[in-house]
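S.K.: Have a look at the structure that comes next, please.
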Amino acid sequence: MQRSRGWAVAAAAVMASFVLPARAETLDDAIFTSVRFDQLEYRAGEDTGVAAWDLEAWAGGDVWKLAVESEAEYALRPNRFETLENQLVVRRMVSDFFDAKAGVRIDTPAGPDRVYGVLGFQGLAPQWFEVDGDLFLSEKGDLSSRFSAEYDILITNRLILQPVGEINLAATDDREIGQGQGFTDIELGLRLRYEVIDRAVAPYVGVHWEKKLGETANLARGDGEDTDAVQAVLGVRLLF
């Protein structure tokens, strides 16, 4: 009786050695999808209100993903897109916490359009900072870069304070779009959100500050534009 039980255990172990790797391989090949509005908000400024979004959608597995990234700012007066940027990128996992990415970026705001090639990275830095760095080369040969970071500070399990920062740098002038050489602009934000409905919906309030820098600020002044703005923010973060 004991001998027959021993054979049964051995047979089960052999079968598991074949079945479990096959199951793991199937999981590795599975395709997942995600859609996330990090920001879907209204910004109330001194002169006009702005509707803005920051969207990321991807499909893929653990190693490779195809992603769409979209950012926009729409001024309600005079009813035009101040910025409208869409990226289509391929991402590849290069470590447990970081992806490399490459693709194309298309800007179609009010004014001249631009198409860029994109190389970059994104992931979680030490202390759980979410960082994103990109290098852009336009069809006109202008080189620029962007770095952004954000961090979640848990006040309670569902109430979260999120500081966000972004800075842009241009290696060359592109005066048609108001871009000067050097540091072009900086944006800082602070948003307090409350996560509800399985954390997929999170309304928030906050403040947003942006400022043009250096030669870019000089170009804006020459066109009669403001070089900095502080706006109150009301929005919602959505996960699908």
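S.K.: Test residue 206 against the criterion of being of a type in the set (Gly, Ala, Ser), touching a Pro at 6+ places or on another chain (Cβ under 9 Å) and either within 30 Å of residue 58 (Cβ to Cβ) or in contact (Cβ under 8 Å) with a residue 40 or more places away in the chain (or both), and give yes or no. Spell out the reasoning first.
M.R.: Working: of a type in the set (Gly, Ala, Ser): yes; touching a Pro at 6+ places or on another chain (Cβ under 9 Å): no; either within 30 Å of residue 58 (Cβ to Cβ) or in contact (Cβ under 8 Å) with a residue 40 or more places away in the chain (or both): yes.
Taking the combined requirement at face value, the residue does not satisfy it.
S.K.: Now, a different point. Output yes when any residue across the range 17-34 is modelled with pLDDT of 95 or more, surrounded by 13 or more Cβ atoms within 10 Å (Cβ to Cβ) and within 29 Å of residue 116 (Cα to Cα), and no when none is.
M.R.: Yes, some residue in the range 17-34 is modelled with pLDDT of 95 or more, surrounded by 13 or more Cβ atoms within 10 Å (Cβ to Cβ) and within 29 Å of residue 116 (Cα to Cα).
S.K.: Residues to consider are 174, 228, 198, 223; find the one that is more than 24 Å from residue 47 (Cα to Cα), open to solvent by 30 Å² or more (accessible area, probe 1.4 Å) and out of contact with any Leu (no Cβ under 6 Å at 6 or more places or on another chain). Before you say what the answer is, go through the steps one by one.
M.R.: Working: 174 fails: open to solvent by 30 Å² or more (accessible area, probe 1.4 Å); 228 fails: more than 24 Å from residue 47 (Cα to Cα); 223 fails: more than 24 Å from residue 47 (Cα to Cα).
Only one candidate passes the filter, namely 198.
S.K.: Of the conditions (1) out of contact with any helix residue (DSSP H, G or I) (no Cβ under 7 Å at 6 or more places or on another chain); (2) open to solvent by 60 Å² or more (accessible area, probe 1.4 Å); (3) among the charged types (D, E, K, R), residue 105 clears all except one; give me its number.
M.R.: Every listed condition holds for residue 105 apart from (2).
S.K.: Identify all residues within the range 54-77 that are touching a Ser or Thr at 6+ places or on another chain (Cβ under 8 Å) and farther than 18 Å from residue 99 by Cβ; write none if there are none.
M.R.: 71, 72, 73, 75, 76, 77
S.K.: Would you pick out the residues in the range 108-151 that are open to solvent by 60 Å² or more (accessible area, probe 1.4 Å) and in a loop (DSSP other than H, G, I, E, B)?
M.R.: 113, 139, 140, 151
S.K.: Within the set of pairs 6 or more residues apart or between chains, which connect a residue that is closer than 17 Å to residue 207 by Cα inside the range 174-192 to a residue that is open to solvent by 60 Å² or more (accessible area, probe 1.4 Å) and assigned to a loop (DSSP other than H, G, I, E, B) with Cβ atoms less than 9 Å apart?
M.R.: The qualifying pairs are 192/155.
The values are calculated or read from the model by the stated rules, or taken from the named source; none is laboratory data. Owing to the predicted nature of the structure, the values given are computational and were not obtained by experimental measurement. Please note: Cβ atoms are built from the backbone with ideal geometry, for glycine as well, and neighbour counts cover all protein chains shown. The protein model used for the area step is the full one, side chains on, heavy atoms only, and it has no ligands, DNA or RNA in it. Shrake-Rupley method; radii C 1.70, N 1.55, O 1.52, S 1.80 Å.
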